[in-house]
Every structure is written in C-alpha cells, then in structure tokens.
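Derivation of every value follows stated rules applied to the coordinates shown; laboratory data play no part. All values reported here derive from a predicted model rather than from experimental measurement. No Cβ is skipped: glycine too gets one built from the backbone with ideal geometry, and neighbour counts run over all protein chains shown.
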Amino acid sequence: SAIQNKIAAGEVVERPSSVVKELAENSIDAHATQVEVFIEESGMKQIRIVDNGDGIHHTDGPLLFQRHATSKIDTDYDLFQIRSLGFRGEALASIGAVAKVTVETKHTAGNPVFIRFEGGNLVEQIPGKERQGTDITITDLFFNTPARLKYMRSMRTESGKIIDIIQRMALANPGISFRLVLDGQEKIMTKGNGNLKEVISDIYGLNVARHAVEIEAHDADFDIRGYAIRPEINRSNRNYLNISVNRRFIKNFMLSQSIVNAYHTLLPKDKYPIVVIDIKMDPKLVDVNVHPSKIEVRFSKERELNKLLESAVSSHIKDEML
Ligand code: ADP
Ligand code: MG
C-alpha cells in the first residue's frame, strides 16, 4: 500500500544520498560500464542517473515501482548467495512513493520506453529513445513527507555524503567509469579502465597515488587486494579507509581497526591512513542483512579476516619503508 511504501522509504531511502546509492547500485547490478550521476540542489530538486547497462524490458517497466519487484532473487536459496548489490526489490518502490520519477530505458531484448510515475503509480508510457541502458530521473524527493524540510536545511552535508558514496563506489569498481556532476560542476570522473591506481589518482590526486603500495594476501577463504598509501601521506580522520567486499563498499569497525593497527607506530596518534582494499570471499561468509542500507556487514570467520588484513597491510607497508 502507499502507506507501507512510505514507511519503508524511511528505512531504505532515508535521505537523498541513499537514493543515489540505491540507483547507482542498480546500474552496477545491470552490468553498466558507465554510470553518470547528475545532482541538483543536493538531490532535493533532482537526481538523475544514466547508465549503459542491460536496461529494463518494456514489459517490466510498469511494475518497477511495486514492492518486491526484483529480478535478482529467484528462489529462497538465492538469498544466501547474494552477489548483486540489490536484492530486496524495495528501493524503487520506496523512492517512487516519495518522489516523481521518469525512466527511459532500453533492454537488450526489448523496445525503448519512456515511463513516468507519480506516487508510485504509472501515469504515462510512450516509446523512448533508441539508447541501450537506463536513464532514471527523480524530482521533488520527499515532496509529500515532512523529511523534505529536514534535508532542505542540510543540503551541504548531503552533497558531501553523495560525493563520498560515488568516490567509494568508484574505488571499489575500477572497471566502471563514474561521473558525478553537482549543480553543473563535475566533481568526480573515473575512466573505468580497470586500473585502481588511476582511480586513486582521479579521486585523491596524483600525489596520493604516487605513494600507493600494492597490497595482496590470501588464504583459503579470503583474497585481499588493493593499495595502502605510505604513512607520510595521511589524514586526520578515518574517512579514507575504503574497504569493499566483492566490490560492494562496506563499513565494519573491526576491519578498519585492523588497518589502523597495521600503521601503528608509523603514524602519530591523531593521523589515519588512506587505504583502498577489496576482499573477495564466498558471499556465504558475509551477512549484509544487518541494516537496510546494506553498508554495515558482519562476517563469519571475522577473527581470521582481521588478522589476515592487518598482517597484509603492515608487511607490505613495512617492506616498502626498508
Ligand atoms: P533490487 O535492486 O533489490 O532488485 P530495486 O527496487 O532497486 O530492487 O530495483 C527493482 C528492479 O528494477 C531490479 O531488480 C532491476 O530488475 C530493475 N532495475 C532498476 N534499476 C535498473 C537499471 N539501472 N538497469 C536495469 N534494471 C534496473
Ligand atoms: Mg536495487
């Protein structure tokens, strides 16, 4: 129901930046190699995401904003084998309930369509442009909720969060080109050529990339790869610890702490390192259902993973300093 959708919207898409995250994740799930994000007024006026992914089949279009309209889970078994970023079929339904939405899309095996929704209901469907991929525009986010006023007051914070999300996604997906434009100004642009060091340069600058040390470690369960920046280049907070699991960026206090520990004695107490790490593992070892935002995760074999990460980072960084 409309009310149900509004309630759930408060969890899944609690703010403009979480809308951006959900939409960009859908583009990644659709195998896009290019994701462009255009934001106006911190997302309150408009959020537009253009990708070159698989597209949505025209017969699925009308159902897009219905709850649990997901193409990503076929059986209960799939729930334990989550590889794609989305899997609940809740994001679009939640967004649709609190905004005006247009979707222009062409599926590999379908006709191009342009669809317009209001309050989650289809109000128009006409033929669209012959362009492979999906172009979603969200306008007047939260127009029918009290949350609107709250975010109108904190637009600067929200823009910062949007930049943070696209940065982390780009660092976790060097094979995808990301572009972020805020109020007509390009803030992020990565090439998508698969070279992580270049992404680090595009996001943090050449001086950071020049100090990047390659990290590699694996055991039977985990395969850790990425770069750690030499301690002489550091930051005053933990926001530069980029950890992704199977290319999904995550937050996990223990893993962050393992990285900080690896730099122990190399950095002053009030300084933190810059690190970009992806960990490959069987999805069965990760629980992403801790929080609807899917950012907080838990691991089985957590202790082994923390140990492996700490020793990998500290040995590579110390080797480099000899
Ligand atoms: P979920 O990602 O959990 O499946 P969403 O509500 O985010 O649920 O999306 C619903 C469905 O819409 C997806 O399963 C997918 O089939 C389709 N979809 C949404 N965005 C895109 C996109 N950019 N490209 C292709 N398909 C998409
Ligand atoms: Mg999704």
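For a quick check, take a GNM of the chain with Cα springs below 10 Å and name the residue from 25, 36, 232 with the largest mean-square fluctuation.
Looking only at 25, 36, 232, the biggest GNM fluctuation is shown by 232.
Of the residues 32, 109, 172, which exhibits the maximal mean-square fluctuation in a Gaussian network model of the chain defined by a 10 Å Cα contact cut-off?
Of 32, 109, 172, the most mobile in the Gaussian network model is 109.
Return the distance in nm (one decimal) between the two label points of a simple spin-label model at residue 122 and residue 236, each offset 7 Å from Cα along Cα→Cβ.
5.4 nm
Return a whole-number percent for the relative contact order of the range 233-291, with Cα pairs under 8 Å and 6 or more residues apart as the contact set. Working shown, then result.
Numbers: 61 pairs, mean separation 30.2, N = 59.
Relative contact order here is 51 percent.
What do you get for the angle between helix 2-12 and the principal long axis of the chain? Use alpha-carbon atoms, 0 to 90 degrees, nearest ten.
10 degrees
Over the range 196-321, what is the percentage of antiparallel beta bridges among all DSSP beta bridges, to the nearest 5? Walk me through the intermediate numbers first.
Working: 20 of 26 bridges.
Expressed as a percentage, antiparallel bridges in the range 196-321 total about 75.
Report the extension gain between residue 149 and residue 207 in nm, rounded to one decimal, defined as 0.36 nm multiplied by the number of residues separating them, less their alpha carbon distance.
Details: separation 58, 0.36 × 58 = 20.88 nm, distance 4.02 nm.
Value of the extension gain: 16.9 nm.
Mean-square fluctuation check for the chain, GNM, Cα pairs under 10 Å: which of 140, 60, 29 is largest?
60
Could you give log10 I(q)/I(0) at q = 0.07, 0.08, 0.13, 0.14 Å⁻¹ for the chain, computed by the Debye formula over C-alpha point scatterers of equal weight, without solvent?
Normalising to I(0) and taking log10 leaves -0.29, -0.38, -0.98, -1.11.
What percent does the relative contact order of the chain come to when contacts are Cα pairs within less than 8 Å and at least six residues apart? Mind showing how you got there, number by number?
Values: 673 pairs, mean separation 50.2, N = 322.
RCO, the chain: 16 percent.
Please sort by residue number the trypsin sites (Lys or Arg not before Pro) in the range 219-322 whose DSSP state is loop and whose Cβ has at most 16 other Cβ atoms within 10 Å. Don't skip to the end; give the middle numbers.
On the way: sites: 225, 235, 238, 247, 248, 251, 269, 271, 280, 284, 294, 298, 301, 303, 307, 318; in loops: 247, 269, 271, 294, 301.
Qualifying residues, ordered by number: 269, 271, 301.
Karplus couplings for the range 205-212 from phi (6.51 cos²θ - 1.76 cosθ + 1.60, θ = phi - 60°), rounded to Hz, Gly and Pro as x?
3J(HN,Hα) across the range 205-212, in whole Hz: x, 4, 5, 6, 4, 4, 9, 7.
When a/c is below 1.5 the answer is rounded, else prolate if a/b is larger than b/c, else oblate, so apply that to the range 179-322 with a ≥ b ≥ c taken from the square roots of the Cα gyration tensor eigenvalues.
Working: a/c = 1.59, a/b = 1.09, b/c = 1.45.
Cα axes put the range 179-322 in the oblate bin.
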